[in-house]
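Participant: Supplied in structure tokens, the structure appears directly below.
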Amino acid sequence: MRKGKIMIIYHESSKTFHLYNNEISYIMCVLPNGHLGNLYFGKRIHDREDFSHLLEMKQRPMTACVYEGNRKFSLEHLKLEYPVYGSSDYRYPAVEILQENGSRISDFTYVSYTIAAGKPKLQGLPATYTEKDEEAQTLCVKLKDEVTGIVLELLYTIFTQRGIITRSARFTNEGTSSVHLLNAMSLSLDLPDKDYVWMQFSGAWSRERHVKERRLEQGIQSVGSIRGNSSHEHNPFIVLRRPSATENAGEVMGFSLIYSGNHRMQAEVDTHDTTRITVGINPQNFDWKLDCGESFQTPEAVVVFSDKGLNGMSQTFHKLYQKRLARGYWRDRPRPILNNNWEATYFDFTEDRLVEIAAKAKECGVELFVLDDGWFGARSNDYAGLGDWVANRERLPQGIKGIADRIEEMGMKFGLWFEPEMVNKDSDLYRAHPDWILQTPQRHSCHGRNQYVLDFSRKEVVDCIYEMMYKILSEAKVSYIKWDMNRSITECCSAALPADRQGEVFHRYILGVYDLYERLNTAFPQILFESCASGGGRFDPGILYYAPQGWTSDDTDAAERVKIQYGTSMCYPVSSMGSHVSVVPNHQLNRKTPLHTRANVAYFGTFGYELDLNKLSDEEISEVKQQITFMKEYRELIQFGTFYRLKSPFEGNETVWMTVSEDKKTALVFWYRERNVVNADFTRVRLQGLDPDLIYRNEYNETENYGDELMNLGLLTTDCTAGEPTSEDQPCTDYESRIYVLTAK
Ligand code: GLA
């Protein structure tokens, strides 16, 4: 087996590419008709000069064949890297190009390749990156459709560490007439069988990213969004796991799209039980006109292979997205503990009231006070003000600078909420520019939460919002921004584009969002951005490139949050999950959960409070102070340690997850039980990732155990009170939770 730095090999005699590292192999070849075919993707295998025996060309009934006199060569039965429809492959394609003569057939044949160290940037799009060239290699395979003159460059990056391949496609029109790209996937991958469980991370507002799974079967299984945002409903992330794979063992592949707009993640199992995965911009409503000389770059897709189960896959995504997708000042820094005023006051506040909330937070140890919605324009409810990013002087007589200074003087940082992409009709911005919203001529415009979506496909619109934000941020000391987005797009049409370019608006809109983020990141590199879209409606890797954390969900109920954070952890690192303690009864569903459980759940994220601490009892305040002390001590471990899921809330009454420090000397185990059980079973949880030879002190159980004992025999989690009658004045122990701190001696 070849070892060393070379990761991409090209065998000229067989026209075969082999991308590999210690974990994976990805093998492709140029097929007899010049198309690029896939031969293998999975665990690392030996390199060979020739893998063409894997091309199974067999004569089959009802097959359309490419060459006269040859009844074996059909694209339908080959594994293809970037398939087209209409020339013998009947599966769903990666690309569809509408040409001047009405044809949608294309024929991309191999031209050349280049291999480069590192990874190139994608123009205007978020993507994973390298800091040193040795971290990755990138293969660019150039293909061309001779009839249209369209050049297709397929980019493949393999990272030195872990089982990661990133892919994207770039089209350049070198022909003599315009074409329309109607479908341009970021990734298409044909797998030789269908023996997988499909996992998706779906739900709704306040129920984001619940784990849902089913066996793959002949036909199409797909999730996606055509809302303009990646959505609460379906995250741009799917997993295929072997049915026997578990959290800690077995083969798993995860597919993720670094994109915040309309997406589609699809598996098609064909008639011979092979599986085609396609990942990319949702072709519904997509129509990109490519004039002569123009290029189109697709977003980047990431595929991770793990033979160490779901945890192995998740840990790979966590490290990649934490260290080589997120950027900037806050990437590696523990996140400040914050207090947000939204659920404390909603729109009903004055400057003094805010300072009162902040003062109590400061007393408890909070580091950042965040002023949410309602500080600008005529925003006293959700009918007015969006678009007017100037302080409301009735509420904030000294403007943002005034309140920011008061917070800073208290020794805290100050953060501010914006919803840059939106406008209310009752606003100065809309009155001045009614044509700046996305709207279709002669059609009624739908609202969402009484607001309309600004046409971010237009540079002058983005410029105007940038200038308003820039002014506020350069006049006042703002250390954090919560960037919200509270509705999806309807009547998607831009007044600035001609009819034959209206199919570009959804994508151009997202490019505008990325552009504004990039400009603000550049102008204010130390501001910590937290993304939000009515909670987790745009919690995706695209946004993580600009905002290293996101508000995971509007649902702050601890019991609901366990599920949301569990599902979210399949792809996203703990450091990216905004999570706060809020009041009881909870504002989303009126449930009461104990204060310690609310904190135990919120620790596994960025941590903060979404309430007015003045309203808590003295006893509760002393608990809050302890929570903050605890989080300050352990946040680095929690946010940047190695995270393992141990028991799923989707499978039973108990949830367990843990995090381990890099040196394996400290671990925190989170245990949660939904409902109390009378006379319950004896329970143990087998831990992961510890050093088998170290002895760990467990304060909660008052025990000392070797790591191998905790990993093989398990941590005893039996609830000692189970079965004992509770007296009337004892609280019900539903929603009970614990944190076990394990420290090596
Ligand atoms: C959205 C967010 C909330 C809050 C409100 C303010 O719903 O998810 O956290 O910021 O907007 O209007």
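Participant: If a residue must be under 26 Å from the mean Cα position of the chain (by Cα) and polar (S, T, N, Q), how many such residues does region 648-701 contain?
Facilitator: The number of residues fulfilling the criteria is 5.
Participant: Give all pairs with beta carbons closer than 8 Å in which a residue from region 577-596 that is touching a residue at least 12 places away in the same chain (Cβ under 8 Å) meets a residue that is among the aliphatic types (A, V, I, L, M) and in a strand (DSSP E or B); count only pairs at least 6 apart in sequence or on separate chains.
Facilitator: Matching pairs, first to second residue: His580/Leu338; Leu595/Val581.
Participant: Sort through Lys323, Lys289 and tell me the only one that's over 24 Å from Thr556 (Cβ atoms), touching a residue at least 40 places away in the same chain (Cβ under 8 Å) and not aliphatic (A, V, I, L, M).
Facilitator: Only one candidate passes the filter, namely Lys289.
Participant: Still on this structure, please answer the following. Could you check Ser177 against (1) hydroxyl-bearing (Ser, Thr, Tyr); (2) part of a strand (DSSP E or B); (3) in contact (Cβ under 8 Å) with a residue 40 or more places away in the chain and say which number it fails?
Facilitator: (2)
Participant: Condition test on Pro126, is it at negative phi, without any contact (Cβ under 8 Å) to a residue 12 or more places away in the chain and assigned to a loop (DSSP other than H, G, I, E, B)?
Facilitator: No.
Participant: Tell me which of these Tyr321 doesn't satisfy, since it passes every other one: (1) surrounded by 18 or more Cβ atoms within 10 Å (Cβ to Cβ); (2) in a loop (DSSP other than H, G, I, E, B).
Facilitator: (2)
Participant: State whether one or more residues within region 626-647 are away from the ligand (no atom under 16 Å from the Cβ) and on the phi > 0 side of the Ramachandran plot.
Facilitator: Scanning region 626-647, I find no residue that is away from the ligand (no atom under 16 Å from the Cβ) and on the phi > 0 side of the Ramachandran plot, so the answer is no.
Participant: While we're on this one: Give me the pairs: first residue in region 473-485 and over 14 Å from Met412 (Cβ atoms) and touching a residue at least 60 places away in the same chain (Cβ under 8 Å), second residue among the acidic types (Asp, Glu) and within 16 Å of the ligand (Cβ to nearest atom), beta-carbon distance under 6 Å, and six or more apart or on different chains, which are they?
Facilitator: Lys482/Glu530; Asp484/Glu419; Met485/Glu421
Participant: Taking region 421-460 only, how many residues are hydrophobic (A, V, I, L, M, F, W, C) and within 14 Å of Cys493 (Cβ to Cβ)?
Facilitator: Of the residues in that region, 7 qualify.
Participant: Okay, next question. Could you tell me whether region 577-596 includes any residue that is of a type in the set (Lys, Arg) and assigned to a strand (DSSP E or B)?
Facilitator: No, region 577-596 contains no residue that is of a type in the set (Lys, Arg) and assigned to a strand (DSSP E or B).
Participant: Do we have Asn285 as surrounded by fewer than 19 Cβ atoms within 10 Å (Cβ to Cβ), within 16 Å of the ligand (Cβ to nearest atom) and farther than 30 Å from Glu620 by Cβ here?
Facilitator: Against the criterion (surrounded by fewer than 19 Cβ atoms within 10 Å (Cβ to Cβ), within 16 Å of the ligand (Cβ to nearest atom) and farther than 30 Å from Glu620 by Cβ), Asn285 does not qualify.
Participant: Could you look through region 661-715, keep only residues that are over 30 Å from Asp734 (Cα atoms) and free of Cβ contacts under 8 Å to residues at least 40 places away in the same chain, and pick out the one that is surrounded by the most Cβ atoms within 10 Å (Cβ to Cβ)?
Facilitator: Selected residue: Ser661.
Participant: Of the residues that sit in region 360-379 and are in a loop (DSSP other than H, G, I, E, B) and within 12 Å of the ligand (Cβ to nearest atom), which one is surrounded by the most Cβ atoms within 10 Å (Cβ to Cβ)?
Facilitator: Trp375
Participant: Out of (1) in a strand (DSSP E or B); (2) out of contact with any strand residue (DSSP E or B) (no Cβ under 8 Å at 6 or more places or on another chain), what's the single condition that is false for Ser206?
Facilitator: Every listed condition holds for Ser206 apart from (1).
Participant: Among the residues of region 558-572, what is the count of those that are more than 16 Å from the ligand (Cβ to nearest atom) and charged (D, E, K, R)?
Facilitator: 1
Participant: Inspect all residues belonging to region 667-675 and state whether any of them is out of contact with any strand residue (DSSP E or B) (no Cβ under 8 Å at 6 or more places or on another chain), at pLDDT below 95 and more than 16 Å from the ligand (Cβ to nearest atom).
Facilitator: The answer is yes, given that some residue of region 667-675 is out of contact with any strand residue (DSSP E or B) (no Cβ under 8 Å at 6 or more places or on another chain), at pLDDT below 95 and more than 16 Å from the ligand (Cβ to nearest atom).
Participant: Where the second residue is assigned to a loop (DSSP other than H, G, I, E, B) and more than 10 Å from the ligand (Cβ to nearest atom) and the first is under 14 Å from Asn486 (Cα atoms) and aliphatic (A, V, I, L, M) and lies in region 528-541, which pairs have Cβ atoms under 6 Å and are six or more apart or on separate chains?
Facilitator: Ala533/Asn229
Participant: All but one of (1) in a helix (DSSP H, G or I); (2) among the β-branched types (Val, Ile, Thr); (3) surrounded by fewer than 23 Cβ atoms within 10 Å (Cβ to Cβ) hold for Ile510, so report the exception by its number.
Facilitator: Against the list (1) in a helix (DSSP H, G or I); (2) among the β-branched types (Val, Ile, Thr); (3) surrounded by fewer than 23 Cβ atoms within 10 Å (Cβ to Cβ), Ile510 comes up short only on (3).
Participant: Would you be able to tell me the number of residues in region 529-557 that are more than 16 Å from the ligand (Cβ to nearest atom) and either part of a loop (DSSP other than H, G, I, E, B) or closer than 25 Å to Ser661 by Cα (or both)?
Facilitator: Qualifying residue count for the region: 5.
Participant: What pairs come out if I take residues in region 100-121 that are exposed (fewer than 14 other Cβ atoms within 10 Å of the Cβ) and pair them with residues that are small (Gly, Ala, Ser) whose C-beta lies under 6 Å away, six or more apart or interchain?
Facilitator: Glu100/Ser177
Participant: State all residues of region 77-88 that are under 35 Å from the mean Cα position of the chain (by Cα) and surrounded by fewer than 21 Cβ atoms within 10 Å (Cβ to Cβ); if no residue qualifies, say none.
Facilitator: Tyr85, Gly86
Participant: I've got another one for you. I'm trying to understand the selection: among the residues of region 289-307, which are surrounded by fewer than 20 Cβ atoms within 10 Å (Cβ to Cβ) and not in a loop (DSSP other than H, G, I, E, B)?
Facilitator: Residues satisfying the conditions are Lys289, Ser295, Phe296, Gln297.
Participant: When the residues of region 649-660 are narrowed to those that are in contact with a Phe, Trp or Tyr (Cβ under 6 Å, 6 or more places away or on another chain) and crowded, with 23+ Cβ neighbours inside 10 Å, which ends up farthest from Ala599 (Cα to Cα)?
Facilitator: Once the filter is applied, the top-ranked residue is Pro649.
Participant: So which of Phe305, Phe286, Phe296, Phe255 is under 21 Å from Ser575 (Cα atoms) and either touching a strand residue (DSSP E or B) at 6+ places or on another chain (Cβ under 8 Å) or of a type in the set (A, V, I, L, M) (or both)?
Facilitator: The conditions single out Phe255.
Participant: Right, something else. Just to be sure before I move on: is Glu491 more than 16 Å from the ligand (Cβ to nearest atom), modelled with pLDDT of 95 or more and at positive phi in the structure I sent?
Facilitator: Yes.
Participant: Failed condition for Leu386, given (1) among the hydrophobic types (A, V, I, L, M, F, W, C); (2) away from the ligand (no atom under 16 Å from the Cβ); (3) closer than 22 Å to Ala432 by Cβ, with all others met?
Facilitator: For Leu386, the exception is condition (2).
The values are calculated or read from the model by the stated rules, or taken from the named source; none is laboratory data. Quantities reported herein were computed from a predicted structural model and do not represent experimental measurements. So basically every Cβ, Gly included, is an ideal-geometry build from the backbone, and we count neighbours across all protein chains shown.
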